[in-house]
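A.B. asks: What follows is a single structure, and I will ask about it in a moment.
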């Protein structure tokens, strides 16, 4: 995983990496110079050399200044590279999800998906920074070891032989931390889902006095999150004490050996002092290297989850020989279309009907009959399992997705807007549309009146999901967006369900004009919508069980007539 991240994302910033490497070497060289300066200072001190008054202070100031400047530049540059890599990874994940199957996005809670871009990428960023800094620590240790060998090679061998002893427990602790980090990230996502669900259902919670139940549920979620975090904390906490003991043993053995040599008269004090200084300076980067494995393992847990998103292949893809949508007026034909939900349930079973250009087709039937599913198959939001859907004679699976979807406008039953202005939300139907065209679409959708009454009119921000507008207002804005698109095919999934009678009448008048020359397929429960349709397709259990006009189906006295009598189709 780290190798793939390095090749695909990190290496694209080669120039910055070279600069980081240069700064890292300079930083290590400055640190390695400290013991030599100390050794030189003690030698001058014991020799009563008067140059110590100016030479050593200047050397210390020079080394310290160089180290400070290089340290700052290296720290900023490492963070910059890491954040660039994370930005690219986030963009790649987002593009994959946005362009991928709708079923993939709908399968997982929004909070879980959001976690990939927040918690997971934070752990990856920290791991990247630690890895780069770890390489710097390696260089620092090499430089300090060089100083130690230069000063006293015998003491160096005693100290260095003890540190590899810590490698095996460090590796084992890192493996446990990867598993603990994976569990913690899953628990964090589940907690985020719980919070999002509770806050979005705030009215229901208060109306049904579910506060105590929600608090209990939250307490259980936070307790599980606490357990996951404390497992990680305990794993991390084992490393530093273990490394401290190893360092202590190394220093004790070194001092003992140096003391023995001093007793027999073979050691010089300045060499011993310089060596101890180098050994002390090496302790920090060595401890950081010991902790590096744990950070890498935690980052790997996040990286696995992010690459799992990127690597998931979409089912809905363009054919290698995909063509443009041929000219036509929007004739839509369902030919024995079948659809299977991801959980194995049958959504559509040999559904067949034809929507002629300029006609309005109403899909009606009991809940779960497959009406919305049929609508979603036309722009290939989902993929048919069997049969074919043809637009103006072309199988939608043989068309370029951009060409297909540019000819279609879709208004769903759950209307959510983007957190932008009213004008921007409408203009998404035709990017770059002029203000006059946006207002004309709003007037046709019976939305201009309430928009003009907003504090900033068309420049009013609608809030997240359009929460500052009512449900009916959001649907009229969405309908205006569809009208602005001027599509060949108009798909309405109960798009007028939240409108009052007056607004619906205005919208129906606008739709009557809009429907001329194009196909309109409507999923509707209101009788007022169905009555004016050119063809009513009555669906049950994924099949078209009846087809005909409103009057013909009433005379047939079948399922449609029963739905009307039972007021499953309501309205004026």
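A.B. asks: Just rank 375, 62, fewest to most, by other beta-carbon atoms within 10 angstrom.
C.D. replies: Listed from fewest to most nearby Cβ atoms, that is 62, 375.
A.B. asks: Taking the number of other C-beta atoms within 10 Å as the exposure measure, put 493, 80 in order starting with the fewest.
C.D. replies: 80, 493
A.B. asks: To continue, here is another question. What FRET efficiency comes out for the pair residue 318/residue 88, r = Cβ-Cβ distance, R0 = 25 Å, nearest 0.05?
C.D. replies: Rounded to the nearest 0.05, the efficiency is 0.55.
A.B. asks: Further question on the same structure: So for each of 444-452, 187-195, 4-12 I average, over its residues, the number of other beta carbons within 10 Å; can you give me the resulting order with the highest mean first?
C.D. replies: 444-452, 187-195, 4-12
A.B. asks: How much length, in nm to one decimal, is gained on full extension between residue 416 and residue 58, taken as 0.36 nm per residue of separation minus their Cα-Cα distance?
C.D. replies: Separation in residues times 0.36 nm, less the Cα-Cα distance, equals 122.2 nm.
A.B. asks: Subtracting the Cα-Cα distance from 0.36 nm times the residue separation, let me have the gained length for residue 561 to residue 215 in nm, one decimal.
C.D. replies: 119.8 nm
A.B. asks: For the ranges 533-541, 331-339, 93-101, what's the packing order if you count other beta-carbon atoms within 10 Å of each residue, average per peptide, and put the highest first?
C.D. replies: Ranking, from highest mean packing down: 533-541, 331-339, 93-101.
A.B. asks: For a quick check: sort 226, 341 by the number of other beta carbons within 10 angstrom, fewest at the front.
C.D. replies: Fewest-to-most Cβ neighbours within 10 Å comes out as 226, 341.
A.B. asks: Quick one: which of 547-560, 422-435 comes out on top by average Cβ neighbours within 10 Å, and what's the full order, highest first?
C.D. replies: 422-435, 547-560
A.B. asks: When the expected Rg is taken as 2.2 N^0.38 Å, what fraction or multiple of it is the alpha-carbon Rg of the range 429-501?
C.D. replies: Here the answer is 1.07, to two decimals.
We did not get these values from a lab; they are worked out from the coordinates using the rules stated. A quick note: this is a predicted structure, and the numbers were derived from the prediction, not measured. Here Cβ is always computed from backbone atoms with ideal geometry, including for glycine, and neighbour counts include all displayed protein chains.
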